[in-house]
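The values are calculated or read from the model by the stated rules, or taken from the named source; none is laboratory data. All values derive from a computational prediction rather than experimental measurement. Cβ placement follows ideal geometry from the backbone for every residue including glycine, while neighbour counts extend to all protein chains displayed. Side chains included, ligands, DNA and RNA excluded: accessible areas come from the protein's heavy atoms. Shrake-Rupley method; radii C 1.70, N 1.55, O 1.52, S 1.80 Å.
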Amino acid sequence: MSVLIFAELADGSIRKNSQEAIFYGAKVASQTGGSATVLAIGEASEAELAKAGNFGATQVLYVKKEENIMAYAKILTEVVKSTGSTVVVAARSALSDAVLARAAGALKAGFAGNVTALPDTSAGFTVTRSIFSGKAFAQTTITSDIRLLAIKKNVIDVTAGSDTAPVETLSIDTSAEDGSAKILSVEKATGAVSLPEADIVVSGGRGMKGPEHWQPLLDLAEALGAATACSKPVSDLDWRPHHEHVGQTGVKVAPNLYIACGISGAIQHLAGVNSSKVIVVINKDPEAPFFKAADYGIVGDVFEVLPKLTAAVKAL
Amino acid sequence: MKILVCISSVPDTTSRIAFEEGNTRFAKAGIQYIIGPYDDYALARAVELKEANGGSVTVLNVGKADAEPQIRKALAIGADDAVRIDTEPADSYSVAAEIAAYARDKGFDLILMGRETTDYNSGVVHGIVGEMLGMPSFSPVMELNVEGSKVLIAKEIEGGKEKLETSLPVVLGCQEPIAEWKIPSMRGIMGARTKPLAVIAPSAEALTDVRSYELPPAKGAVKMIPAEDAGSLIKLLQTEAKVL
């Protein structure tokens with residue numbers, strides 16, 4: 001099968017989650033005897049784009065373009081047609097949701113989101129996807145000629161090689177889509193580790209007692225090179241910015257390590273973190289429900305425990 | 001302004017998830033169904049926009065008759081009329097095709113829904129509808145204001161937010177804090193009983209098919225570490241869990 005991977009670019013290089021998507025797409029291509037082509041839209045140098053080869057891509061098609069959902073979807077749709085691709089892979093994100101959705105409409109293509117494993121292509125095309133915010137999985141067969149897959153983050157163990165892939169720059173007319181929206185401003189957390197892509201997340205709840213008490217948590221996050229997050233009540237109270245809110249209606253994270261500080265573990269919070277590989281819970285209430293979902297637990301005062309953890313990390 | 005709000009009917013987010021008939025069906029017994037939490041935000045903002053600017057709010061559900069309590073609740077919250085497309089929602093493509101088939105040529109200025117449903121979490125119906133109707137689409141939208149035909153939105157991007165200007169008509173997938181959830185008033189509940197609810201036959205076909213379901217493996221027991229010895233956790237994370 002000809003596989004096309006839609007790769008997202010950030011700060012001039014291929015996003016980590018998109019590297020996972022490329023690796024996944026290349027596996028599907030080799031499993032079915034096809035090619036793995038990357039489509040990258042945005043801003044990146046040829047040398048950075050060629051690194052898609054590290055993850056198994058055999059070719060990179062590049063369109064230099066400012067972000068515009070409608071234009072990106074048009075480009076993806078055109079490239080699926082021109083390359084004759086029958087499988088399209090992307091990392092699940094707000095951007096890929098929007099772009100793949102429009103491509104699905106244009107191509108009459110079946111879509112499976114939050115895919116967690118390689119497809120079974122022995123008879124038809126069946127993937128496993130996570131549903132109910134990680135509380136279950138569904139074996140889903142896609143019956144259309146073109147299949148669109150959004151891969152859940154941190155479910156594919158990537159092994160990077162040293163091959164590079166040739167880069168070809170394309171020009172696709174998107175004049176009909178370009179006027180559809182105008183970006184007025186972009187606010188991005190600066191300097192910090194990106195929460196959706198972080199390997200380690202340190203998260204605080206109401207047990208942190210107020211925004212002025214966040215320093216011990218920030219210290220641990222800094223020592224670990226971790227992203228910071230928070231529970232819904234904390235973001236509702238404006239103690240922390242909304243984009244840090246993880247949970248059912250917030251960001252869904254899937255880090256290797258999630259450290260919850262003063263979070264009781266309501267089911268809506270667990271829905272955002274239950275794909276984490278290892279969960280540590282620190283709470284002064286031994287009855288906090290979060291301990292049932294944890295791998296390691298400490299019953300104690302977060303303000304006493306956090307400095308000890310930070311000191312231990314620094315001593316490694 | 002003519003607004004269409006698409007709502008899903010989904011298990012309450014605290015539901016215990018289980019499957020039956022050889023793991024081929026979701027076990028509905030004892031499950032409380034609610035308006036999709038993200039759809040509920042979209043509905044709340046639609047009602048606010050109608051109250052501020054005039055116009056109408058139509059609520060649409062793709063589902064069987066058992067979704068009608070959720071549709072009536074949306075009417076009680078402030079929608080004017082409702083449409084139910086009489087079929088089990090099978091997949092994103094078919095649900096979007098049902099919505100697009102209904103909305104085409106009806107002159108909606110805004111088509112709102114949640115960023116994703118909380119059962120299948122796919123998050124693509126709004127975009128497919130937008131493509132099918134030739135309207136721009138954006139998601140996840142956290143702020144929405146309409147000034148004449150100008151639409152100002154803020155949407156979430158990885159690690160932040162982006163403000164955009166676009167124009168009507170547009171399709172939006174919504175999430176908090178676009179509006180506060182609304183609780184129906186007694187007057188709203190009484191009024192909802194007599195508001196029109198049309199039932200329409202389905203027309204779309206699905207492109208995916210769920211073969212079976214499974215639950216994740218049970219979690220092992222939690223390992224407790226005494227607070228006095230908190231530092232030893234870091235060693236365990238390094239040598240035992242191997243995540244540092």
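Peptide A:65-72 has a mean shielding of 3, counted as Cβ atoms of other protein chains within 10 Å of each residue's Cβ.
In percent, rounded to a whole number, the relative contact order of the range A:3-178 is 28, using alpha-carbon pairs under 8 Å and six or more apart.
Considering every alpha-carbon pair of chain B, the percent of pairs per 10 Å bin, from zero through the bin containing the longest distance, is 7, 29, 30, 18, 10, 6, 1. For the range B:17-68, the spread of Cα positions along the three principal axes, ordered from largest to smallest, is 51, 19, 16 Å.
Taking every alpha-carbon pair under 8 Å whose residues sit at least 6 apart, the range A:199-316 reaches a relative contact order of 25 percent.
Calculated mean residue ellipticity at 222 nm for the protein assembly as shown: -8000 deg cm²/dmol, from DSSP H runs with n ≥ 4 weighted as -39500 (n - 2.57), summed, divided by the residue count and rounded to 500. On the basis of the beta-carbon distance and an R0 of 51 Å, B:V199 and A:E304 show a calculated FRET efficiency of 0.25.
Counting Cβ atoms of other protein chains within 10 Å of each Cβ in A:139-149 and taking the mean gives 4. The region of chain B that goes longest without hitting one of the trypsin sites (Lys or Arg not before Pro) in a DSSP loop, each with at most 16 other Cβ atoms within 10 Å, is B:107-192. The convex hull of the Cα atoms of the protein assembly as shown, projected and averaged over all directions, covers 25.3 nm². Spherically averaged projected area of the convex hull of Cα atoms, the range A:3-178: 9.4 nm². Between the range B:1-15 and the range B:36-64, what is the separation of their alpha carbon centroids in Å? Cα centroid to Cα centroid, the span is 9 Å.
Model label sites at B:A227 and A:E46, defined 7 Å from Cα along the beta-carbon direction, differ in position by 6.1 nm.
Distance between the modelled labels on A:K81 and A:V158, one decimal in nanometres: 3.1 nm (7 Å Cα→Cβ projection).
In plain terms, if you count all Cα to Cα distances in the range A:195-314 and split them into 5 Å steps from zero, the share in each step is 2, 13, 25, 28, 22, 8, 1 percent.
By the equivalent-ellipsoid construction on the alpha carbon gyration tensor, the range A:96-164 comes out with semi-axes of 20, 17, 14 Å, ordered largest to smallest. Heavy atoms of chains A and B lose about 7000 Å² of accessible surface on contact, summed over both sides with a 1.4 Å probe. Note on chain A: Kirkwood radius taken over Cα pairs, Stokes-Einstein applied at 4 °C and 1.567 mPa s, translational D equal to 62 µm² s⁻¹.
Using a cutoff of 8 angstrom between alpha carbon atoms and counting only pairs six or more residues apart, the relative contact order for chain B works out to 24 percent.
For peptide A:225-231, the mean count of partner chain Cβ atoms within 10 Å of a residue's Cβ comes to 0. Between B:L215, B:L197, B:L110, the GNM of chain B built on Cα springs shorter than 10 angstrom shows B:L215 fluctuating the most. The Cα-based radius of gyration of the range B:119-203, divided by its Kirkwood radius, gives an Rg/Rh of 1.05.
If you roll a 1.4 angstrom probe over the protein chains with everything in place, what fraction of the accessible area of chain A belongs to carbon and sulfur, to the nearest %? Of the solvent-accessible surface of chain A, carbon and sulfur hold 50 percent.
Distance between the 7 Å Cα→Cβ label points at B:T14 and A:L316: 3.7 nm.
Would you please give the FRET efficiency between B:T24 and A:A123, computed as 1/(1 + (r/R0)^6) with r the Cβ-Cβ distance and R0 = 25 Å, to the nearest 0.05? Once rounded, the FRET efficiency stands at 0.90.
The stretch between B:I189 and B:E48 holds 49.0 nm of extra length on full extension. This uses 0.36 nm per residue minus the Cα-Cα distance. For the range B:205-211, the Karplus equation 6.51 cos²θ - 1.76 cosθ + 1.60, evaluated at θ = phi - 60°, returns couplings of 10, 7, 10, 9, 8, 7, 7 Hz by residue, with Gly and Pro reported as x. Taking GluC sites (Glu not before Pro) as exposed when their DSSP state is a loop state and no more than 14 other Cβ atoms lie within 10 Å, the longest site-free interval of chain B runs over B:22-179. Counting charges near A:K65 (Lys, Arg +1; Asp, Glu -1) among other residues having Cβ under 10 Å from its Cβ returns a value of -3.
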